[in-house]
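Below: one structure, written as structure tokens.
The values are calculated or read from the model by the stated rules, or taken from the named source; none is laboratory data. As the structure is a prediction and not an experimental result, all values here were calculated from the model. Don't worry about glycine lacking a Cβ; one is built from the backbone with ideal geometry, like all the others, and counts go over all protein chains shown.
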Amino acid sequence: MTKPSGSHSAAIQFQLHQSIDELDEHQWQQLSKSAGPFLQYTWLQLLEHTHCVGEGTGWQPAHWSATLDGELIAVVPGYIKSHSYGEYVFDHGWANAYHQHGLAYYPKWIAAIPFTPVTGSRLLSKPELDEHQRSALIKHIDNWASRCEYSSCHWLFNLPAQQTHFEQLGFANRFSVQFEWHNRGYHDFDDFLTQLTSRKRRSIRKTRKRFDNPDINIEQLSGDRLGYEDMAFFVHCYQDTYLKRSGHKGYLTPAFFTALFSQFRDHILLVKAQSNGNDIAAALFLFDENGLYGRYWGCLEDINELHFECCYFQGIEFAIAQKIPRFNPGTQGEHKLLRGFEPVYCVSHHKMHDARFHSAVADFLHREKPIIEDYFKQALDVLPFNEAYINEFITTTTKGTDSTE
């Protein structure tokens with residue numbers, strides 16, 4: 001059911017939507033066409049239709065829209081949360097502090113892509129939507145959440161360029177670091193290796209050589225080469241790995257992956273490994289012309305370094321072949337640095353509706369910020385690139401937390 005907001009800014013109407021089905025797909029796609037695969041209408045709809053989000057999951061859809069004369073001019077993918085799992089911006093300490101003071105931290109509202117820590121705009125809009133109108137929508141959502149007695153609002157993995165805007169609206173910014181590979185116009189994997197120090201170049205070649213034998217077969221499957229049985233094997237790996245690590249079968253249902261295969265087949269890369277003719281591991285990626293995104297990995301047999309080969313080096317090879325400019329392999333993991341992935345800042349915005357707790361959280365984030373900046377600088381110091389690469393390219397990834405680029 002769509003709920004009118006009861007307020008407007010310059011004739012713009014704001015509405016809350018309890019399902020993405022309430023929004024027009026074509027108009028949403030006009031806003032998200034260059035926003036990456038995870039903000040596409042179909043991706044978010046699949047999550048709802050296959051029960052990855054919705055009743056009983058702790059992720060209740062609460063999307064927002066802005067319309068002008070019946071035309072959709074802005075959307076925000078949002079959820080009411082009853083826990084903090086699947087977000088990758090860790091606020092369990094804040095939840096515990098609320099509990100210790102006899103207050104409820106849940107429910108809260110977040111603007112996010114479920115289970116997907118990938119930076120992107122959390123407010124998709126037409127170019128003519130100005131900053132005042134964007135602010136009006138953000139304020140309206142925050143006021144609505146406060147009236148509903150939700151503890152807080154959180155905008156996760158938003159564009160760094162938005163940090164000043166949100167700070168002016170009373171949000172506290174939180175920074176984290178991920179690691180991305182950048183395609184500098186390489187011709188092939190060996191061309192990429194020439195940018196590394198000789199020692200690291202030898203190390204990677206030695207690691208990869210162990211998989212150049214008749215007993216191990218690794219293949220990249222996409223488009224017509226990707227079959228249903230391949231996806232079914234991946235789901236088996238995904239569930240088995242989650243069971244071993246977390247005691248459950250993962251956040252995403254088998255029905256989600258079946259639908260994903262049907263509707264995103266041309267944007268899926270599956271790297272599958274075999275040992276002596278038997279399937280043993282698989283890594284799932286999504287991609288478009290702007291980025292390759294490593295999402296899920298699972299294995300049935302532990303082989304040393306196989307994870308690095310399937311999840312990182314095969315992804316780099318694919319990005320080079322497809323001329324994809326950047327490769328995000330997933331959150332966390334300093335081991336990515338030594339394999340040619342560079343640190344990048346991520347930013348999220350947070351507002352607690354209890355002024356005392358907001359002040360405490362803002363103070364914590366202010367003190368956390370220089371620690372994150374030091375971590376970033378330390379990451380730069382261990383990059384495996386040669387001096388020529390460092391001098392030419394590394395300044396493109398050293399923007400500070402105050403950068404709006």
Exercise. Considering every residue within the range 372-380, establish whether at least one is part of a helix (DSSP H, G or I) and either under 24 Å from C153 (Cα atoms) or among the small types (G, A, S) (or both).
Key: yes
Quiz item: Among (1) in contact with a Leu (Cβ under 6 Å, 6 or more places away or on another chain); (2) over 30 Å from Q13 (Cβ atoms), where does D215 come up short?
Solution: (1)
Quiz item: How many residues are hydrophobic (A, V, I, L, M, F, W, C) and within 21 Å of S135 (Cα to Cα) if we restrict to the range 45-85?
Solution: 10
Quiz item: Which one of the conditions (1) surrounded by 15 or more Cβ atoms within 10 Å (Cβ to Cβ); (2) without any contact (Cβ under 8 Å) to a residue 40 or more places away in the chain; (3) over 30 Å from G294 (Cα atoms) does D142 fail to meet, given that it meets all the rest?
Solution: (2)
Quiz item: What is the one condition in (1) in a strand (DSSP E or B); (2) surrounded by fewer than 23 Cβ atoms within 10 Å (Cβ to Cβ) that I303 does not satisfy?
Solution: (1)
Practice problem: Assess whether E317 counts as being assigned by TED's automatic domain parsing to the domain that holds F234, in a loop (DSSP other than H, G, I, E, B) and not hydroxyl-bearing (S, T, Y). | Solution: no
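To keep it simple, each residue is scored yes or no on (1) in contact with a Gly (Cβ under 6 Å, 6 or more places away or on another chain); (2) buried (at least 16 other Cβ atoms within 10 Å of the Cβ); (3) hydrophobic (A, V, I, L, M, F, W, C); (4) farther than 23 Å from T116 by Cβ.
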| position | (1), (2), (3), (4) |
| --- | --- |
| C310 | no, yes, yes, no |
| I316 | no, yes, yes, no |
| A321 | no, no, yes, yes |
| F341 | no, yes, yes, no |
| V347 | no, yes, yes, no |
| R356 | no, no, no, yes |
Practice problem: Say whether the condition of being closer than 30 Å to Y375 by Cβ and modelled with pLDDT of 95 or more is met by at least one residue in the range 214-235. | Solution: no
Quiz prompt | Out of G330, G298, G294, sole residue that is within 28 Å of L123 (Cα to Cα), surrounded by 14 or more Cβ atoms within 10 Å (Cβ to Cβ) and in contact with a Cys (Cβ under 7 Å, 6 or more places away or on another chain) | solution = G294
Quiz item: Taking the range 185-200 only, how many residues are touching a residue at least 24 places away in the same chain (Cβ under 8 Å) and surrounded by 14 or more Cβ atoms within 10 Å (Cβ to Cβ)?
Solution: 7
Quiz item: From H26, H49, H63, which residue is under 29 Å from S146 (Cβ atoms) and modelled with pLDDT of 95 or more?
Solution: H63
Quiz prompt | Scope the range 255-269; condition surrounded by fewer than 22 Cβ atoms within 10 Å (Cβ to Cβ) and part of a strand (DSSP E or B); matching residues | solution = none
Practice problem: Could you tell me which residue of the range 201-231 is nearest to L286 (Cα to Cα), considering only residues that are under 25 Å from the mean Cα position of the chain (by Cα) and crowded, with 17+ Cβ neighbours inside 10 Å? | Solution: S222
Exercise. Working carefully through the options G78, G120, G102, find the one that is free of Cβ contacts under 8 Å to residues at least 40 places away in the same chain and farther than 23 Å from H248 by Cα.
Key: G102
Exercise. Filter the range 123-138 down to residues that are in contact with a helix residue (DSSP H, G or I) (Cβ under 9 Å, 6 or more places away or on another chain) and of a type in the set (D, E, K, R) and give me whichever is farthest from T164 (Cα to Cα).
Key: K126
Quiz item: For H335, which of the numbered conditions (1) surrounded by 14 or more Cβ atoms within 10 Å (Cβ to Cβ); (2) closer than 30 Å to W94 by Cα fails to hold?
Solution: (1)
Self-check item: Hey, G330 touching a Gly at 6+ places or on another chain (Cβ under 7 Å) and modelled with pLDDT under 95 or not
Solution: yes
